[in-house]
Amino acid sequence: MKAPFKVPTLLSLALALSASSTCSATWQFLSRPDLNVPILNITHNTPSASQLSPGLLFISPFSGDSDHDELASPQQPGPYIFEPHSGQLVWSGFAHYTAGWTVSLHKTRFKGKDALLAFEGKHNALHGHGHGHLTLLDQSYGHIKSVGAGHHRLVDKHEAQVIADGASALVQIYHPVPRYALQQSAGEGGERGEEGEQQQQQQHEHRQWVVDAQFQEVDVQTGRTLFEWHSLDHVPVHHSNISLVGGQAGNGTSSQQAWDYFHINSVDKDRHGDYLISARDVNSVYKISGKTGRIIWALGGRNTHNKDFEHLDDQVAFSYQHHARFHGHDHNGRELISLYDNSAHGTETGAGTEVRDAKTSSGKIIALDTSADRSKGGKWTARTWRAFYPPFDLLSKSQGSTHVLGDGHVVVNWGSEGAVTEFNDAGEVLWHAFLASNSHHPEAARGGHVQNYRAFKSTWSGHPAEEPAVVGLAYRSDDDGKLLPFDARGNARGAAPFRAQIVLAASWNGDTEVRAWKFQLRRKPAHETRTWSDWSFIASIKRLEGWRGVHHLTTKPRSGFETRAVVGVESAGLASELHKHQIRAIALDARGKTLTLTRWEDIDTQRPVPPQLQEIDGVGDATAFVVQTAHH
């Protein structure tokens, strides 16, 4: 007697299982066990994603643990793209940038198309430097071009920007040079009197090296230097707020220990061809003429030699800042710039004595009025246009960024504090997350051992060149729906009929277009002898879907980076033969059109039950299939 094949609406287990942020990173993604991704510990969020500025979050977290505690640090530091409202991963760039340490991942434009840009190279945590190059990736995450500096210089990590549709790039350079007069201008007085002066002279006689902070605009295609500026040509070393002997910025004893008196950490260019630079160690932001290189104005913060502007409010004061950017002019003709005000200074290794000037760091937009005629006694003024303060007491000793978005929202990255916040234009917190290392370390949840140099938010369409991944895991289930492993041979224990579950998971690293996954099953194309139950199952499938032997299991809407579903099997014969079957997934777009499909993968009956699946039971709404085998 031939058994009937039926497709009921009953499911034995919940569908679309979401990844648990509390489970071990080893089980983070069933389809991609090779990925060990930092997570977003979201503490503030809006009811709807539509209340946030549209776009994805671009970050590049790395270890902030000076003792190199592996449990407290990101296991796979690198560039990442996240959907912020859900906290779901979109793209792991681990191993896509291959030159080493990577920061400042963001979307840019290159020859009329969207692209990704980041710095990659070697990181010097002691001095806060990095040496490498800029790398462009296309929307398939393939390499377009790497960009270096001109005049045999080494690109530093602090700026990564291409402009003019990718025609040129802005890069920053720390170039050590010997300078005999360092001992006369080190900013460290020692003891007073003749004896004190002798001690100071002896102390500094071997400190002859200083960093000439430079920036260049280079032609991306040819590498030709279009513009170059040197700090030592324009700003004397005694303007520095960081002493030669304080241990915070080199001690001047060698080229490797060159005193970083100026420390450029950002470069921007406006539509008139002038440049804006942030010089952290002199607490100043400079506007530089793109024609002559002269300083047009210098906006000084706390304890600075630069007095071009009168501060009209206390919030204008800043120190040890990062990420200065042009933003045009307001309706009153005032020039608008943004910056990240650290109000603190320290090394990433903890060397030297930290400086703290405020309770928290902040993001700021400042309006500059240069309309007055200073030759006739007029005063230029600086007023706070907007200020953005963290929802926690976050004071970052290094790094940080303020990204002003097109709708007026602002994304502030808290640098060494390992956190990111989105504000509305009124300065209200809409979203906040700590960058957690995905470990059980007590400091991991609050970003205590994760740092991030800059964060950006923008729309992005990714079309990966790599194939998607799929996995099918087979388990038996008890009367309560709990998943239990098969025995060593992939069979259920006992001869009585039982229920089995196939856990399905599919993902496509970097994709933004998939809206649903269609899962299919087939018998392995092998030559082993088939049992009667095998032929009964295959014959039933053929009656449903033709003679190709492919069975539709379920179609599920996309659920974050990895979409999961569970289908039930009620047949002792088929369940015990699941290891002889394969599954694949078909990626569907918003119109139901096939984008791509995975390869056929064997169903795995030997994998332990993942921790996040052990706590799930009950009945869901996916489709189960029942096969009743023939009786002899």
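The values are calculated or read from the model by the stated rules, or taken from the named source; none is laboratory data. The structure presented is a predicted model; accordingly, all values stated were derived computationally and were not measured. All Cβ positions, glycine included, derive from the backbone under ideal geometry; neighbour counts span all protein chains shown.
Remarks
- Scanning the stretch 523-548 for residues that are buried (at least 17 other Cβ atoms within 10 Å of the Cβ) and at pLDDT 85 or above turns up just one, 523.
- Test: residue in the stretch 552-559 that is among the small types (Gly, Ala, Ser) and modelled with pLDDT of 90 or more: yes
- Total residues in the stretch 130-149, condition under 23 Å from residue 261 (Cα atoms) and part of a loop (DSSP other than H, G, I, E, B): 1
- Test result for residue 35, surrounded by 21 or more Cβ atoms within 10 Å (Cβ to Cβ) and at negative phi: no
- Here residue 402 meets the list (1) among the β-branched types (Val, Ile, Thr); (2) farther than 27 Å from residue 161 by Cβ; (3) buried (at least 18 other Cβ atoms within 10 Å of the Cβ) almost entirely, failing just condition (2).
- Here the stretch 354-413 is the region considered, the condition is being part of a strand (DSSP E or B) and polar (S, T, N, Q), and the residue that is farthest from residue 247 (Cα to Cα) is 381.
- One residue alone among 520, 501 is in the same structural domain as residue 550 (by TED's automatic domain parsing), in a strand (DSSP E or B) and either within 19 Å of the chain's Cα centre (by Cα) or at pLDDT below 90 (or both), and that residue is 501.
- Single residue of the stretch 275-312 satisfying the filter (closer than 16 Å to residue 334 by Cα and either of a type in the set (Asp, Glu) or in the same structural domain as residue 226 (by TED's automatic domain parsing) (or both)) that is surrounded by the fewest Cβ atoms within 10 Å (Cβ to Cβ): 310
- Any hit, the stretch 76-93, residues being modelled with pLDDT under 95, crowded, with 19+ Cβ neighbours inside 10 Å and touching an Asp or Glu at 6+ places or on another chain (Cβ under 7 Å): no
- Residue check, residue 331 over 24 Å from residue 390 (Cα atoms), assigned to a loop (DSSP other than H, G, I, E, B) and in contact with a helix residue (DSSP H, G or I) (Cβ under 7 Å, 6 or more places away or on another chain): no
- Among the numbered conditions (1) crowded, with 22+ Cβ neighbours inside 10 Å; (2) free of Cβ contacts under 8 Å to residues at least 24 places away in the same chain; (3) over 15 Å from the mean Cα position of the chain (by Cα), the only one that residue 143 does not meet is (1).
- Test: residue 220 is touching a residue at least 60 places away in the same chain (Cβ under 8 Å) and of a type in the set (Val, Ile, Thr): yes
- Which listed residue, of 284, 289, 278, 266, is over 17 Å from residue 236 (Cβ atoms), without any contact (Cβ under 8 Å) to a residue 60 or more places away in the chain and of a type in the set (Ser, Thr, Tyr): 289
- Residue in the stretch 561-576 that is over 22 Å from residue 484 (Cα atoms), assigned to a loop (DSSP other than H, G, I, E, B) and modelled with pLDDT of 85 or more present: yes
- Residue list for the stretch 451-479, restricted to those being at pLDDT 95 or above and among the aromatic types (Phe, Trp, Tyr): 453, 456, 460
- Residue selected from the stretch 506-522 under the condition farther than 14 Å from residue 30 by Cβ and among the small types (Gly, Ala, Ser), by the criterion surrounded by the fewest Cβ atoms within 10 Å (Cβ to Cβ): 516
- Filtering 123, 127 for residues that are in contact with a Gly (Cβ under 8 Å, 6 or more places away or on another chain), closer than 30 Å to residue 249 by Cα, part of a loop (DSSP other than H, G, I, E, B) and modelled with pLDDT under 95 leaves a single hit, 127.
- Residue within the stretch 268-275 that is assigned to a strand (DSSP E or B), among the charged types (D, E, K, R) and closer than 20 Å to residue 402 by Cβ present: yes
- Cβ-Cβ under 9 Å pairs, at least 6 apart or on other chains, the stretch 459-485 side under 25 Å from residue 599 (Cβ atoms), far side surrounded by fewer than 19 Cβ atoms within 10 Å (Cβ to Cβ) and of a type in the set (Lys, Arg): 467/599; 470/599; 471/607; 473/607; 474/607; 475/607
- For residue 18, the criteria (1) surrounded by fewer than 17 Cβ atoms within 10 Å (Cβ to Cβ); (2) touching a Ser or Thr at 6+ places or on another chain (Cβ under 9 Å); (3) at pLDDT 95 or above hold in every case but one, which is (3).
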